[in-house]
Each structure stands twice: as structure tokens, then as C-alpha cells.
1. Write out, first by first residue and then by second, each pair whose Cβ atoms fall under 7 Å of each other, whose residues are 6+ apart or on separate chains, and whose first residue, in region 105-125, is in a helix (DSSP H, G or I) while the second is surrounded by fewer than 13 Cβ atoms within 10 Å (Cβ to Cβ) and modelled with pLDDT under 85.
2. Is region 183-192 home to any residue that is out of contact with any Asp or Glu (no Cβ under 6 Å at 6 or more places or on another chain), hydrophobic (A, V, I, L, M, F, W, C) and modelled with pLDDT of 85 or more?
3. I'm trying to understand the selection: among the residues of region 7-25, which are farther than 18 Å from K50 by Cα and of a type in the set (D, E, K, R)?
4. For the structure I just gave you, tell me whether N195 is touching a residue at least 12 places away in the same chain (Cβ under 8 Å) and loosely packed, with under 14 Cβ neighbours inside 10 Å.
5. For region 13-60, name all the residues that are in contact (Cβ under 8 Å) with a residue 24 or more places away in the chain, surrounded by fewer than 15 Cβ atoms within 10 Å (Cβ to Cβ) and over 21 Å from V102 (Cβ atoms).
6. Modelled with pLDDT under 80, out of contact with any Lys or Arg (no Cβ under 8 Å at 6 or more places or on another chain) and under 17 Å from I237 (Cβ atoms): which single residue out of N160, N195 fits that description?
7. Residues in region 199-225 that are outside any strand (DSSP E or B) and either among the aliphatic types (A, V, I, L, M) or farther than 18 Å from D151 by Cβ (or both): how many?
Amino acid sequence: MVVQEKNYKILIIGELENSDFPEILKQTGNVTVMFASSGEEGLKIAFNSKPDYVFLTESLKGKIDRSTTANILFEAYGIPVLFLAAENEYDSKFLLETPFEVVFIPVTLQKLKFQMERAKLSLTRYKTLSERAEITEKILSNTTGFAIVLDDLFFIKYINEGKNKKLTGSIELAGKKILDFLDEENSEKLVESVNKLECGTSSRERITLAFNFNEATINFTCDVSCVFGSDGKNEYILNCFPVHIAVEETDKENELVSVLENVPYGVALLSGDKFDFVNSEFIRITGYGLDELGDLQNWFEKMFPDESYRRVVTDVWNQEINRKNIIKTLSIQCKNGDIKQIDFRAKKIDSGKYIISILDITEQKKTREELDNYIHQLKLSKNSIEQKNIQLEKLNKELRESEEKLLELNRDKDKFFSILAHDLRTPFNAILGLSQLVAEDYDELSKEEVVKIVKDINNAGKNLFRLLENLLNWSRITSGRAEFNPEKVDLYELVLTAIHLLKPNADAKELTIENNVKPDTYVFVDEQMIESVIENLLTNAIKFTPRGGKISINISEQPGKYEVSVSDTGIGISKENINKLFRIDVPFSEYGTEKEKGSGLGLILCKESVEKHNGEIWVESEEGKGSTFYFTVPKAE
């Protein structure tokens, strides 16, 4: 790997003493070198000049340290970052733990080019994990009670105090020992409940605790559970609600409305086909208020002006709403004429009662994953896995092969979650650094600079939200929580529906899609899973096929099964990257032909869904000539 010679800009932040490093930099191409002494000055130059690379020395002036400066440049601005260090710093703990490239001075030209290219490629990996922190905080902040995280010594590591100041007054609970707010009887009750828990499992204890705040005693009902922290030690989670809430039905309704108004997606409630309630996010996404919506058919006509597309959406609603949840990605036309891509979900919640949720994924939507709010499922504990292994060892000889496959899958999950646990810390530094920059230098920043920084923080949150959506959908399938209902289905109809739903995407790039599957081709599958597989493969084909290209869906009959293929005339995949596909331990994603962005999890979801049907999935590709993805599904008898 080498850096191509071109006109590009490089920024060096910090003091650079007695070094010929700038001269070596100029040998890499037609380079303009800029200098800044502090992190604050470097961020301003980066904001205005958009350098191609930034080098950080060990000596930075100002209030922003090197690590924070690097995270802001890397996460918020998308600039490759490299640290400069002397050879004698090789054993430094800081340098060993940093996710950025470290260039030891003196350095050769060949080594420098290699590390610059590697720093640029590392953006692909870290950008897919850039949007995570805000969702957990929003969920915890909108509960009526305490959400408390304790370490193994009962010290409070986190508490969502925002809504509970009226209960605790001016007391700052974070960092305090929770037992200090309980009398001896309640302290023993909490310790006894904790000792009963099996950490890392779904077990929990429900107890009533009397907290003493400001000489006042308040009774709470608390659910106590145990998880493993990032350091491997036990952490205890308490979800505590004031006892009086259980009987205040009117407050419950108000709380429901409050929660629906604060969730980060649009929500609508219907009685029959009439809209009863829409939250502000629903109005913001579509542009229509409650008084403009009317009934469901009227809303469909507004959202889907194309008659054929609307007919597909209406048919899906009529056929599925009363027997299962609807989960689709749709293209809508808003009141102002804008076209948006939305994640559309609908569910029957009572006789004649329905709930619709929509999430604006116009910018992020290039893959087909779903969102679920159960974030704690990402943490599969070591003890739980060991218990499963003990059970698997009791199986007979015929199950040994499947046992080995499951053990391998669990090891891959551990690797993947280890990467996530480390990388989840990085976005926090970027968000905190950007907000600190605005807070401390607000008077020196122009209005445009402030708006840009705020947008960067907002985009970081959105990217994190989308990644969690993909991860949680994958988690549901691999953990066995996703419903699996195979039935006799016409594969032709599944392909036709997928093509209709993705037609706006294909039309936008002037692509042709051919359905070569014949009608009455029946397979025995879970309709929703296999439809998702087809939509994911079509989405990838659209993403990596240049304008004017062609995509075709073909089928060949084999004993007991069908082999389905999705072919495109796109840019193809290198042999090196083919080996990274379908692997949970190697997160991989690339930009499409028109800079479309994805999370890299779509193919992993396809693999899990196909293997759920005892099928196989693979790819054949040649760079510059296109790709063909194959998968097998069982025939219907």
C-alpha cells in the first residue's frame, strides 16, 4: 500500500523539535504543510482548510489534550490522524492503547507512506461505530424513576438524576455509596438480593427499598440485575420506581404521551383507519399534522403518489397487519415535495387499534437492518456461554458437529463485542471535545462554525443510532429471539415485492432490474426473513452498480432446494475483501459508487437468515466486471 502522489494538505499540531520530518513529508507528493501549536488552533485550521492528514506531536499547548484533539479530528471531521513519537516511547501505555497510527521518528519514506495509507483506511472501520451514546441516555432520561449502575463495591457509577432532583434535592449521587442512603435493614435486603443473582444472565430480583434523601424517606420498587463490566468485574443495575406510580393511572397516560414525544422516531396511533395521535417527530418527518392526515387511505395517497407503488404498500398492509408485525423500508413523498426513505413499522395492539412508527433514514439508508431498543442483549456474558457449553457437552455424538459450529460462533461474538466495547468509548470523546470547543470558544467562533460543529455532533449521534439498529437485529436472530415461521411461499412474489420496494433507489441510479424467477415457484421459508435477504442483496447490488447498469435475479432448481442468485454489472469485489464478507469478527464496509454508506452488517444478517433455513450463501466476483451472490432455500412439498 502506498499513498498516491497528488496535491494534498497536511497539518502538524504541536511542537516539532530538531526534526527533518517536514522534508520527508514533502517527498510523498505535492504537499502543503501547515502548523498549529495547540489543539484549539489545530481544530480551527482543520475546520476551515480540511487537511488530508493530521500529525500530532507529544507536545500540545492549550486546554485540549492530544487524545481529545485526535478523536475530534477523526470522528467528527473524518480526517486520518497519526501520532508522532520518539523511538524511546515505544513501551508507553498511552501509545499502545491509542487506536491511531503511531509514527516513530526518525522514519523512512516507505514506512511513512505505508502508515499514512493505513491511517486513511482505518476511517472505514471507525466511522461505522461513530453513533451510539445518545440513544442509551435518551432511554434512561425518560423513565419516571432511577436507573442506577453500581460497581462491585456498591458505589454509584451512573444515575439518570435529571428527573429525580425533586426527590434527591441538591444531593449529587454519582460516586457515592448507595448503602449510605439506606438503613441497616434495607442495606441487608439489597446485599442479599445481589448475592442471589447469577451475573450475566437474565435473572433479576424485585425488592422494595426505602431511600433516605434530605431527611425524607421515599419507598421505591426496584428490579436488580447483574452484568459484567468492561473490566470483567460485576456491575449491578437497579431500575427503581416510586411506589405511588403504580396506582396513578392518569399520570401513566401523561407519561406515555411524554415518552412518545421524546422518542427519536415518529409515532402514530390509529383506531381503525383513523389517526388518533401523532408525535412531533412524525409531523417533522412527513410535514403533515394530525388535522391534515384524515384516514389511513388518505395518508397513503399523500405519502405514495405513485399508484403502482401505493398499491404494493396497501396490499402489504391489508394482508399482514392483522396477522403479524409489518417491518419495511419505504420511499415517501413529504408535504414539501421531498422524497425520504423511512424505516416503517406497524403493529396491531388491540382490537381495531394500531401503532405506526417511522424513522427517517434518508441519509443513512443503504442497508436493510432493523432497530430494537434492547441494548443490553449486546452483552453476552462469559458465564452464560460457559453454561451453554456445559449443556452442549451432554449432547450425543450426532450433535458434535453442530456443537463445534456454535462454539466457533460464540468465540466470534466475543471478539466482535470486545471490539465494540473498546470503540464505544471513542465517540464520547469526540462529542465531549466538540461541545467543549463550543463552550469555551463560543465568542471566537462564527455562527457558521457553531452550526457546523452542532451538525457534526448530531450526525455522530445518528450514525451511532443506525449501527445499534443493525447490531440489535443481528442479535435477535443469532440469539434465537426472532420468530421463525416457515410456510409455503411463492418466491416469485417475494422477489417482485422486493423489486417494487427498491424501485425508487434503482431508478435514481438509472438501473435495470430483471426478475427471471417464474410465477408459482414455491419454497418453504419464513417469508419475512427471506424477503429481507433478497432486499439486502438487491440493496448491495444497487449500491455498487454504476449508473445505467443492470441487475438480474435468477434461479436454478436442484434436488430438494432452489439456488437463487442476484447478479450485477457493478464494480466487483477484490479477492482480499471477499474473505472479509459474512464474517462477524471482521466488520467490513465500503462506500458505493455514489458514496452511499452502509454499516457492513447486511450480509451478516443474510448469512444468519439463510443458515436458519439450513441453506448456504456465497459470492463470486471479479473486479470491474460485477458480482453474483448465491443462496439456497428449501423447496415446498
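1. Pairs that qualify, where the first residue is in a helix (DSSP H, G or I) and the partner is surrounded by fewer than 13 Cβ atoms within 10 Å (Cβ to Cβ) and modelled with pLDDT under 85, are K113/V2; F114/M1; E117/M1; E117/V2; R118/M1.
2. yes
3. Residues satisfying the conditions are E15, E17, D20, E23.
4. For N195, the condition - touching a residue at least 12 places away in the same chain (Cβ under 8 Å) and loosely packed, with under 14 Cβ neighbours inside 10 Å - is not met.
5. Answer for region 13-60, where residues must be in contact (Cβ under 8 Å) with a residue 24 or more places away in the chain, surrounded by fewer than 15 Cβ atoms within 10 Å (Cβ to Cβ) and over 21 Å from V102 (Cβ atoms): N30, T32, S49, K50.
6. N160
7. Summing the residues that are outside any strand (DSSP E or B) and either among the aliphatic types (A, V, I, L, M) or farther than 18 Å from D151 by Cβ (or both) in region 199-225 gives 5.
Every residue, every condition in (1) within 18 Å of I604 (Cα to Cα); (2) within 22 Å of the chain's Cα centre (by Cα); (3) in contact (Cβ under 8 Å) with a residue 24 or more places away in the chain, yes or no:
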{"position": "T521", "(1), (2), (3)": "no, no, yes"}
{"position": "I534", "(1), (2), (3)": "yes, yes, yes"}
{"position": "F544", "(1), (2), (3)": "yes, yes, yes"}
{"position": "I551", "(1), (2), (3)": "no, no, yes"}
{"position": "V566", "(1), (2), (3)": "yes, no, yes"}
{"position": "N579", "(1), (2), (3)": "yes, no, no"}
{"position": "R583", "(1), (2), (3)": "yes, yes, yes"}
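The values are calculated or read from the model by the stated rules, or taken from the named source; none is laboratory data. All values derive from a computational prediction rather than experimental measurement. Neighbour counts run over all protein chains shown; Cβ positions are idealised from the backbone, glycine included.
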